[in-house]
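Structure record follows, encoded as structure tokens.
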Amino acid sequence: CALPIYLTAAFSSGLKLAKERGSKSKNLKRPENLSTRVHQFKINDTVLVIYREIPSSKMFSLTAATEGGQRGETLETAGTFHAMATLIGLASKKRGYEEFAGRIEDLGSVLCGFSGKDSFGFEMSCTVDQTKEMLELLAENILQPQFPDAQWNSYLRETLETLKVQQDSSSWVCMRRLNLEVYGSHPYALPIIGDERNVKNFKADGLREFYEKWRDGGRWVFGACGGAPVSLVQDQLSALFEKFKPDPQIRTFPKN
């Protein structure tokens, strides 16, 4: 059906204004203090760092990523990466949950895991003056992780409850069947958090062992940006991850 005249007029007016503002913004010069520089360096042959230095920024953020997520799962392992992502960033072999998570909270910073369709890794964010300490905590967690039993048991209870609720959700059932129809036997068709059978069989130690094997099984990319000097970032990451040498071979995934 045709749009009312007043809506068409408003749309045309807004479009014209946007074009005028856009043409003006092209002539604006970027202030010197907002200039950015992109640096790229390797810690070793299998760990690449890309850092966008923004001198005016008071924050520092980093994402450490490798291939993984749903694409790396099978029917028997569905939900593994999602479970790992909830446990990494909570504790290390040097510091238990209360000390490790407590320190990050005291700093007002963020350190957590993520898992997507094709990727898996860590996300970190802090103020510039906390960069050195947070990079140390990040390295401690990547290289010496601990998956706390108490936090796993809490996640397990919540996940099992979520799975029960999903079965009663018509929208979830609809999307589940759509994924099966679209992706067939491809891992994308698998439920992100797994199913009850899989999740019940997961153990914190088993997830940690799976993580360590996956961590060392392929290349990593560290992407970061912020106001920390590139010299600090490069020196710190090179020192912390000097002995981290994951497999240079291309990862293999379940067949489509």
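The values are calculated or read from the model by the stated rules, or taken from the named source; none is laboratory data. None of the values given here were measured: they were computed from a predicted structure. Note: ideal-geometry Cβ built from the backbone for every residue, glycine included; neighbour counts use all protein chains shown. Remember, those area values only see protein heavy atoms, side chains included, never the ligands or the DNA or RNA. Shrake-Rupley method; radii C 1.70, N 1.55, O 1.52, S 1.80 Å.
Give, as a single signed number, the net charge of other residues whose beta carbon lies under 14 Å from the beta carbon of SER169, with Lys and Arg counted +1 and Asp and Glu -1. Don't skip to the answer; put the middle values down first.
On the way: positive: LYS164, ARG176, ARG177; negative: GLU161, ASP168.
Net of charged neighbours comes to +1.
In summary, no aspartates and glutamates lie within cross-link reach of LYS16, defined as a Cα separation below 19 angstrom excluding same-chain residues under 8 places away. In this structure GLU67 has an accessible area near 80 Å², from a 1.4 Å probe over the protein heavy atoms.
Using a cut-off of 22 Å between Cα atoms, the listed pairs LYS93/LYS203; LYS164/LYS203; LYS93/LYS200 include LYS93/LYS200 as exceeding that distance.
Rolling a 1.4 Å probe over the protein heavy atoms gives segment 130-246 an accessible area of 54 Å² per residue. At full extension, GLU242 and LYS132 could sit 38.0 nm farther apart than now, given 0.36 nm per residue minus the alpha carbon distance. Using the 1.4 Å probe convention, the accessible area of segment 37-113 works out to 47 Å² per residue with neighbouring protein chains retained.
For the residue pairs LYS42/LYS243; LYS42/LYS245; LYS58/LYS94; LYS42/LYS94; LYS58/LYS117, the C-alpha atoms sit more than 23 angstrom apart in LYS58/LYS94; LYS42/LYS94; LYS58/LYS117. For ASP149, the solvent-accessible surface with a 1.4 Å probe is about 100 Å², rounded to the nearest 10. Note on the chain: helix-only mean residue ellipticity at 222 nm, from DSSP H runs of 4+ residues weighted -39500 (n - 2.57) and normalised by residue number, equals -14000 deg cm²/dmol. What a 1.4 Å probe finds exposed on the chain is 53% carbon and sulfur by accessible area, rounded to a whole percent. Averaging Cα coordinates gives a centre for segment 179-238 and one for segment 104-145; these two points are 14 Å apart.
All other residues with a Cβ under 14 Å from the Cβ of TRP152 taken together, and with Lys, Arg as +1 and Asp, Glu as -1, what is their net charge? Result for the local shell: 0.
Note on the chain: Rg/Rh from Cα positions, Kirkwood definition for Rh, rounded to two decimals, is 1.07.
Treat every Asp and Glu Cβ in the chain as -1 and every Lys and Arg Cβ as +1, leave all other atoms uncharged, and give the resulting dipole magnitude about the Cα centre to the nearest 20 debye.
1140 debye
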